[in-house]
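Presented below is the structure to which this report refers.
FYI, it's all coordinate maths here, none of it is from the lab. Since this is a predicted model, take the numbers as computed values, not measurements. Cβ atoms come from the backbone with ideal geometry, glycine included; neighbour counts cover every protein chain shown.
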Amino acid sequence: MFNRVVMLGNLTRDCELRYLPSGGAVCTTGLATNRKFKKTDGSQGEEVCFVDITFFGRTAEIANQYLKRGSKVLVEGRLKLDQWSDQSGVKRSKHSITVESLQMIDGRGQQTDSGEASSGGYIENTTNGGYNNNQKAPYQKPVTPEYSGHEIPDIDINDDEIPF
């Protein structure tokens, strides 16, 4: 099966970093993203989606160091269903995202006055979602576009690859 989620949004709260008994870092926070649409009556509507996200390993430490409430990030990972019983014994559940890679959009990646975006930091978590905490995700240098920002590269896409 295929389980892949990509979301761009703002953090809803500051990161909470803790360490597992094995020494691996775990960082949790929330992400909010919105969608604007036109209603049937012609008015503008907006829908906001809130989801909890979890970072592991070196990515968790970097997220805790550089991100705060309101930070804009692009995360890629997998969807996970968390289930528990609350204090009154009622079964509860929620979906969350286990982050495998992180792109910091603002901060060092803010747009300049000329409209060209400077590079944000890109971190990929190679710890397999925290299951093997002996591996550390390396911090990769910021992603640098291979074009000047004024030229848009040609993209060769086959019509069969478009999902709609």
Return, ordered by residue number, the residues of segment 41-73 whose backbone nitrogen is under 17 Å from a label point located 7 Å along Cα→Cβ of LYS94.
48-55, 69-70
Mind ordering 97-104, 36-43 by average Cβ neighbours within 10 Å, highest first?
97-104, 36-43
Set the Förster distance to 41 Å, then compute FRET efficiency between ASP41 and ASP106 from the Cβ-Cβ distance, nearest 0.05.
0.70
Give me the net charge for the shell around LEU79: Cβ to Cβ below 15 angstrom, other residues only, Lys and Arg +1, Asp and Glu -1.
0
How much length is gained if the chain between ARG78 and ARG13 is pulled fully straight, taking 0.36 nm per residue apart and subtracting their Cα-Cα distance, in nm to one decimal?
21.3 nm
